[in-house]
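Right, one structure below, let's go through it.
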Amino acid sequence: MISDEPGYGLSLEPDRTSRHSLGIHASPAEVYRALTDAEELVRWFVSEASLDVQPGGAFKWVFGRGSGDPGPAPLVTSGIFLSVAKQESLKMRALIEDLETEVEFRIDPWRDGAILTVAHSGFPGDDEWDDTFRALDRGWQTELHVLKIFLERARGMRRSAERHERRLKAKPEALFDAFTTRAGLGGWLADRAAIDGTPGGEFLLEWDGRPPLRGHLAACDPDRFLLLAWEGEPPSMVRVHLDAGDGGASRVELTLDHILFTPEGSEPERFDWDGALRRLENAL
C-alpha cells in the first residue's frame, strides 16, 4: 500500500469536472498500455473496447453485463481522440447521454511508479444532471482504484462483479458506521474487526476458523459512498452506495458491488454477502 497517496475523497467541483488522481506502483508505460490496449481494457474496465489511438481516431467502450458487472443492458460510450502523447497523456471527446464531454488522462512519473489523473469535464450545472454527474464521479474514482489493484496485484486476471441491494430501516449515518467502525464491522461482517475509518486507513477482519483479511478504506463520502480495498488473494474491491429511500432519513437504499479479480480458468471466490447482509439488517 502506498502511503500519503494523492486522490482520496469524493470530488464534486463547481465547474462540473470530475477530477481524481491516484498513485500506482506501475511504470508510466504500463499505465498507458492499460488505458490504450483493448485486451488490457477488457480485463479491468469494460466488456468490449475498440481504439484507434491517434488524434482523430475513434474509440468505443462497452460497459455492462458482458463484463459480468451488474446493471441494465450494455452501455456504450464512444468518441474520438483529440490528442495523444505516448506514456504521458490522452485527451478524448466522449458522448454521455448525447452530451459532448471531454476525458483527459494524465500520467506523471512518481517514485517507483506513476500518478494517474483523470478529468472528465463538460457537464451542465442544471439540477437534472446532478444524479448523472455524481454517479459518473463515483465511477471514475472506483475505476482508478480498480486499475491500481489490477496493475499492482492482479496481472493476468480478469474482472467480474456481483451486486447486492437492500432497503434497510436505519439512518444513513448509522449504516455508514456499520462499515467504517470497529464495533460496526464486528457486529455483522466479522467475529472481530479493527479499522482506521479515515481515507487510506487500514482495516483487519478476523473470523474463527478461517484466515483474516486485511485491506484499506480507499475512498469515502461520509454517509453516502465508500470503497474498501480487500487485499486478499486474489484482491477485490467493495463499493457501497447509501441513498435515502422513500421513507426518508430512517430508510436507506444500500447498493453493494463486490468487484472481483479472478485468475484465468478459475471461478470467482465469492463472499457470502447474503448471509452478512441479513446479519447487518438484524444488527441495526
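Under a model in which nothing but the beta-carbon of Lys, Arg (+1) and Asp, Glu (-1) is charged, the chain shows a dipole of about 500 debye around its Cα centre.
Among all stretches of the chain without exposed GluC sites (Glu not before Pro) (DSSP loop, at most 11 other Cβ atoms within 10 Å), which one is longest? Of all site-free stretches, the longest is 98-263. The value obtained for the chain, namely the Cα convex hull volume divided by the number of residues, is 131 Å³ per residue.
Please give the helix 273-283 orientation as an angle from the longest Cα principal axis of the chain, in degrees from 0 to 90, rounded to the nearest 10. Helix 273-283 sits roughly 50 degrees off the main axis of the chain. Under a 5 Å amide H cut-off, with hydrogens placed 1.01 Å from N, ALA161 pairs with ASP69, LEU260 among residues at least 5 apart or on other chains.
Across region 23-29, computed HN-Hα scalar couplings (Karplus, 6.51 cos²θ - 1.76 cosθ + 1.60, θ = phi - 60°) run x, 10, 7, 7, 6, x, 5 Hz from first to last residue, x flagging Gly and Pro. Rg and Dmax of region 18-155, based on Cα coordinates, read 14.5, 43 Å.
Read-outs: derived from the displayed coordinates by stated rules, not from any lab. Bear in mind that the values here come from a model prediction, so they are computed numbers and not experimental data. FYI the Cβ positions are ideal-geometry reconstructions off the backbone, even for glycines, and counts take in every protein chain you see.
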